[in-house]
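The values are calculated or read from the model by the stated rules, or taken from the named source; none is laboratory data. Treat the numbers as computed from the prediction; the structure is a model and nothing was measured. Here the Cβ positions follow ideal geometry from the backbone for every residue, glycine too, while neighbour counts run over all protein chains shown.
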């Protein structure tokens, strides 16, 4: 009997079937609409994760003197955790304990984690790695539309566009089955545009590829809007009827003529004109941004600038057109809706909104005033760990901070300064290896729970196999901690029961799950919260109009200089996922290790050939890896994949003022023959 | 009490300064713009004339914007005099405005070339004659364009070429007269100038270089070589000079422009500053927007008491005209360094990089702007290049050679399938079942179809 479920990796949440209760096998689930049976290499090999020798099956504690690990009972482990939390809070108050979650956790876990923080611990200090993923697009979406749902339409709508502009997305490698839509769009006569400093496999499938200097996508958007205004291509009727703020935006782009854009972005002015001409003549234009545009200290403004382009053309709310964000992590969407974010309560409610507090407190059976206020954002939280004003104990779920945080050497030193680090994981990840207590938890096919994919479609991952003895679900861990803390609120451990409670807590909020049930999800191939397509009639602001906000190009926080003369950008490769804690341990996935991609011009300058070792250094750290000399990258830019320890020792921790997104995607670096 | 800052002028530099001082309650800023409309983007005027830029989309900041950001904008306000002692300016209507700091952003005024008949006895321009500096000039010229009109553009600099192209695109029979021996003489050398002249002629515009217009008569514009160019319009684009009359009368040191130090402060009066076309820094006036904006930014910081200085080293001038490709970085005719040059008169391109100490210090790119974006980045950032790089930058980018596919080459990245594994399959269906190739992103379907059952001879893709 096959179990219908979803891939453990990216935000596409491809449907798949699993057979076999001990050694599961993946087979296609053609009926599931998002991927229609297609899977990438990671999906096909997903079952390779199960039962590896590296799996942790007993709680472990580490002796700080000797560094030795020893297995302990669950009771012992949880007692130690709670004793440590109590000590931290006794010394520092409720905020002495922090929680760090992940965008790969199910909705149920994200919800329970937020409740654990606000009710059982009473701490405001909770955030998650999704802050480093979609937060810039989320912040921009909320400001422009009044609502953040990555794609406000089903992914397949992409095929109906006449021009699809992908800004900083390499979906052919990061979510391969999604690339099929590009081919179908082009078969229909539509055109694909890719904006990326690298000519990626996605750009290879595009009709037009623009290769900007990293960190200048915003200027390109301003330049496009300039040309659209100049050419009379904007939809004045739409702007008058459905938006506010157009006049100031229009005036603000008068200063962005193509030759100025060329000087800032490094894109030839005639290419800027070519793209504007393509947009101006097309009835359906769709703009999708991804991390390449968003992971910047100017990420949210960059998204706003592209949203302005889509709004000015009158595209948002039109079928086969508009704006969307290609969410990254498996539950990137749901993970930001149910309360593991520092400023949020379930249902995408704001924690500083009195009505939201009253509603959620009612569901939780506590006084609204007992709920803490907003806490620190992800990077700021990690930066504060172990400092006089910061938390001294941290609980981590679904995140491998040591590999994935920017300015990783500094962040690692913060983790090491804690009095207590507790990590829930399936393997001894680089972060777990620093912990005082490691709690072994169930994974993917061993448990049930919902995920919300990049389209806002709530899908159900169903338990297919029996977990190894000795591991517990994250929900059990959360309940165990809450119980030992003496919480009076209930912490159910049955996912369906948690989902029902989440539904009540989210009721009436922007992301309202109250009408969604496991049975409906099974029957309908997933259920969209808020409806299948949004913004057709009105936007989520009280007046129903979209806000157009004038934004200015500021550029990357760190610009090249004599000592660090090139741009460094980071990203993913097809066969690996995020910090690689899972994929690097899957035998059927090739682990070729990190590499440094550089252009022949730069390689010639340095005297480096493919395969030779190069050292990349920034103001924050350095790494050494083999060179890959390719003509597909800008000559002034190098690329390093971030799945291995190293890349994030280099990256910059400059934050976006609105989203608190770190600038993963660009910093100044030096490169040399190692 | 906020510091009263008076900005004389409402052009590109003035708006930029206003943007940087917006919403800062340490300052009470008043912008005195002598033109009657909200500040607009002057450099787009030739595009407006050409018809590629909507005239309604020129406004840089609306009157409402100034009001919203706490800045007083006075349109049509002309300054008659600066009273340095009283720290006041006097407007033409006699009104006096006090200042703590005065910023001169008066721009430049078009030079009138010595052509007899240009100015009539009453001091007004001959009705055929047009300047091209302001929105009003642009409108007046636009109104004069009727089918069959002939035009002569006096001046073969950047603006002259833009205007000539615009008129030509609008269907006018257009000619260009340039006194120097080649076009764009202040930016590029004779070789590049010749390429440009040829491009213009190919586009239908006749070019007379080394020829001065001397007289405008009813027959047309007479050149010093005796030719008479019959014409309905004469457009003057032969440069401008910094607008310095106010400063001069106020006793400020003026050479070609208002002389300022690196904090954009007058060397005569530390309460008076100058930015943009009217300013002279290290014996140089600029005439371009990017340095004017840089000056505005530096001055804003200076006014806020920050440590800032203008060094004005790097400028990029780009021609904005349909069918003409020109980029000038720095001063390629005079910059010190080694010259790496590639000229191809057959296709009409002339490109020169001036390299000093491994860095591009100037460049002229005419007729072929490939890699202009990259070259500009390397120039702006002063990137240290290897010895071969300047030459390589001017060569065409090598097209990707077709990649032969040996058996071990990965064809399907999604499923990790090699060419050899696919060749071993008899049909596409068998290949899908056995290897899962094509079942991910689908990008390899074409190659798989060609490889299935094929011999292991390399197949070219790409």
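Remarks
- Inside segment A:229-249, residues that are at the interface with chain B (Cβ under 7 Å from one of its Cβ atoms), in contact (Cβ under 8 Å) with a residue 60 or more places away in the chain and buried (at least 18 other Cβ atoms within 10 Å of the Cβ) make up a count of 1.
Residues are listed down the side, and each one gets a yes or a no for (1) within 14 Å of another protein chain (Cβ to nearest Cβ); (2) closer than 25 Å to residue A:567 by Cβ; (3) in contact with a helix residue (DSSP H, G or I) (Cβ under 6 Å, 6 or more places away or on another chain):
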residue: B:328; (1), (2), (3): yes, no, no
residue: B:341; (1), (2), (3): no, no, no
residue: B:373; (1), (2), (3): yes, yes, yes
residue: B:396; (1), (2), (3): yes, yes, no
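- Residue among B:151, B:185 that is part of a loop (DSSP other than H, G, I, E, B), in contact with a strand residue (DSSP E or B) (Cβ under 9 Å, 6 or more places away or on another chain), closer than 30 Å to residue B:40 by Cα and not assigned by TED's automatic domain parsing to the domain that holds residue B:44: B:185
- Some residue of segment B:217-238 being in contact (Cβ under 8 Å) with a residue 60 or more places away in the chain and farther than 21 Å from residue B:149 by Cβ: no
- The condition of being more than 13 Å from every other protein chain (Cβ to nearest Cβ) and under 25 Å from residue B:44 (Cα atoms) holds for only one of A:217, A:268, A:207, A:301, that being A:217.
- Elements of type strands (runs of 3 or more DSSP E) in segment B:337-377, at least 1 residues being surrounded by fewer than 16 Cβ atoms within 10 Å (Cβ to Cβ): B:338-344, B:349-356
- Residues of segment A:182-192 classified as crowded, with 22+ Cβ neighbours inside 10 Å and either within 11 Å of chain B (Cβ to nearest Cβ) or under 23 Å from the mean Cα position of the chain (by Cα) (or both), total: 1
- Looking only at segment B:234-245, and only at residues there that are in contact with a helix residue (DSSP H, G or I) (Cβ under 8 Å, 6 or more places away or on another chain) and closer than 18 Å to residue B:9 by Cα, the one that is surrounded by the fewest Cβ atoms within 10 Å (Cβ to Cβ): B:240
- Condition met for residue A:431 (crowded, with 24+ Cβ neighbours inside 10 Å and in contact with a strand residue (DSSP E or B) (Cβ under 6 Å, 6 or more places away or on another chain)): yes
- Filter result for the condition that a residue is surrounded by fewer than 24 Cβ atoms within 10 Å (Cβ to Cβ), more than 20 Å from residue A:155 (Cβ to Cβ) and modelled with pLDDT of 95 or more, over A:280, A:305: A:280
- Residue within segment A:580-593 that is touching a residue at least 60 places away in the same chain (Cβ under 8 Å), more than 10 Å from every other protein chain (Cβ to nearest Cβ), crowded, with 22+ Cβ neighbours inside 10 Å and part of a helix (DSSP H, G or I) present: yes
- Candidates in segment B:41-61 are the residues that are farther than 12 Å from residue A:229 by Cβ and touching a strand residue (DSSP E or B) at 6+ places or on another chain (Cβ under 8 Å); of these, the one that is surrounded by the most Cβ atoms within 10 Å (Cβ to Cβ) is B:46.
- In segment A:393-408, the residues that are assigned to a loop (DSSP other than H, G, I, E, B) and more than 22 Å from residue A:620 (Cβ to Cβ): A:398
Yes/no per residue for (1) at pLDDT 95 or above; (2) farther than 26 Å from residue A:470 by Cβ; (3) not assigned by TED's automatic domain parsing to the domain that holds residue A:387; (4) not in a strand (DSSP E or B):
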{"site": "A:67", "(1), (2), (3), (4)": "no, no, no, yes"}
{"site": "A:77", "(1), (2), (3), (4)": "yes, no, no, yes"}
{"site": "A:81", "(1), (2), (3), (4)": "yes, no, no, yes"}
{"site": "A:88", "(1), (2), (3), (4)": "yes, yes, no, yes"}
{"site": "A:95", "(1), (2), (3), (4)": "yes, yes, no, yes"}
{"site": "A:113", "(1), (2), (3), (4)": "yes, no, no, yes"}
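- Unique residue being outside any loop (DSSP other than H, G, I, E, B) and either crowded, with 21+ Cβ neighbours inside 10 Å or under 26 Å from the mean Cα position of the chain (by Cα) (or both) when the list is B:248, B:256, B:301, B:314: B:301
- Out of A:483, A:455, one residue alone is at pLDDT 95 or above and surrounded by fewer than 24 Cβ atoms within 10 Å (Cβ to Cβ). It is A:483.
- For segment A:621-642, filtered to residues that are outside any strand (DSSP E or B) and touching a strand residue (DSSP E or B) at 6+ places or on another chain (Cβ under 8 Å), the residue that is surrounded by the most Cβ atoms within 10 Å (Cβ to Cβ) is A:634.
- Residues in segment A:553-565 that are surrounded by fewer than 21 Cβ atoms within 10 Å (Cβ to Cβ) and in contact with a strand residue (DSSP E or B) (Cβ under 7 Å, 6 or more places away or on another chain) were compared, and the one that is nearest to residue A:617 (Cα to Cα) is A:564.
- Checking each residue in segment A:283-308 for being touching a strand residue (DSSP E or B) at 6+ places or on another chain (Cβ under 6 Å), within 23 Å of residue A:545 (Cα to Cα) and assigned to a helix (DSSP H, G or I) picks out A:303, A:306, A:307.
- In segment A:35-48, the residues that are surrounded by fewer than 23 Cβ atoms within 10 Å (Cβ to Cβ) and more than 8 Å from every other protein chain (Cβ to nearest Cβ): A:36, A:45, A:48
- Candidates A:1, A:16 - the one that is in contact with a helix residue (DSSP H, G or I) (Cβ under 9 Å, 6 or more places away or on another chain) and free of Cβ contacts under 8 Å to residues at least 60 places away in the same chain: A:16
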